[in-house]
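Remarks on the structure that follows.
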Amino acid sequence: MWYLGNWRASVVSSVVQPLLALVAFGIFFGRLADSGSGLAQVTGGAPYLVYLTPALLCAAALQTGASECSFPVFAGFTWLKTYEAITATPVSPAQLALGQLSWVTLRMLGGGVVYLAVAAAFGGVHSSGIVIALLVATLTGLSFAAPVTALSASLRREGHTFNVMFRFVVVPMALFAGTYFPIERLPEWAQIVARVTPLWHGTQLARGATLGTWELLPSLGHLAYLLVWAVGGVLIACWRFAKRLQR
């Protein structure tokens, strides 16, 4: 109900920013990249815009999940005391945590639909596999949002925790986890770091579905990795909500 009157505040971060990146890199830079002789080796022969679209979809979902599960969740515990009011009703802390994550998942899915609608108008969608990519992106966002929710539920003082997380985890992940170029172009140690991130696995899976290049065993490995992060994060978040709100 609150979001119906305040949705405009989230449009920039969840829809406009990834679309600006899509236009800047996918269209303008993409024209230069498509004219290069070595691009086909990177994109599998697809235009750079098509190559970039599913990756930005995953990155946008992850950034939305991180944003919605950091300061807003922390505020619900400390500044606004919203969660204490909710759990004064028959709603349990675990139900509250699941409700919070369910809402964020819907936000990521809805933002992804809008993003893809505009991306399609620019020519960034060329196969039905983008529907699978949308689901993969939502799972990717949840795989990061759930642990962040658990972290937010554990903090008594915010300090600089979230600022550090965004500057040194979220932003580098979006830049160097395979969104704009294959991680094989990075140094060996950076490739290892990139492979640990859920964004790389989500990008590989979503891009494979879109371009039709995925293989069974690697795809199952990417999916399993994302599910471990998501399910583990949800369980820890439920536990931290219960510890924080138990009476």
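The values are calculated or read from the model by the stated rules, or taken from the named source; none is laboratory data. Values in this document were obtained by computation on a predicted structure and should not be read as measured data. Reconstructed Cβ throughout: ideal geometry from the backbone, glycine too, with neighbour counts over all protein chains shown. Remember, those area values only see protein heavy atoms, side chains included, never the ligands or the DNA or RNA. Shrake-Rupley method; radii C 1.70, N 1.55, O 1.52, S 1.80 Å.
Among the trypsin sites (Lys or Arg not before Pro) in the stretch 93-160, those located in a DSSP loop and surrounded by at most 10 other Cβ atoms within 10 Å of their own Cβ are R156, R157.
Could you order the peptides 120-130, 96-106 from most to least packed, using the average number of other C-beta atoms within 10 Å per residue?
Those peptides, ordered most packed to least, come out 96-106, 120-130.
With both labels modelled 7 Å from their Cα along Cα-to-Cβ, the M165 to R8 distance reads 2.9 nm. Using a probe radius of 1.4 angstrom, the carbon and sulfur fraction of the accessible surface of the chain is 70%.
When the Gaussian network model of the chain links Cα atoms closer than 10 Å, the mean-square fluctuations of E188, E158, E68 top out at E188. Based on protein heavy atoms only, the chain ends up with 50 Å² per residue of surface accessible to a 1.4 Å probe. Within the assembled protein chains, the solvent-accessible surface assigned to V118 is about 50 Å², based on a 1.4 Å probe.
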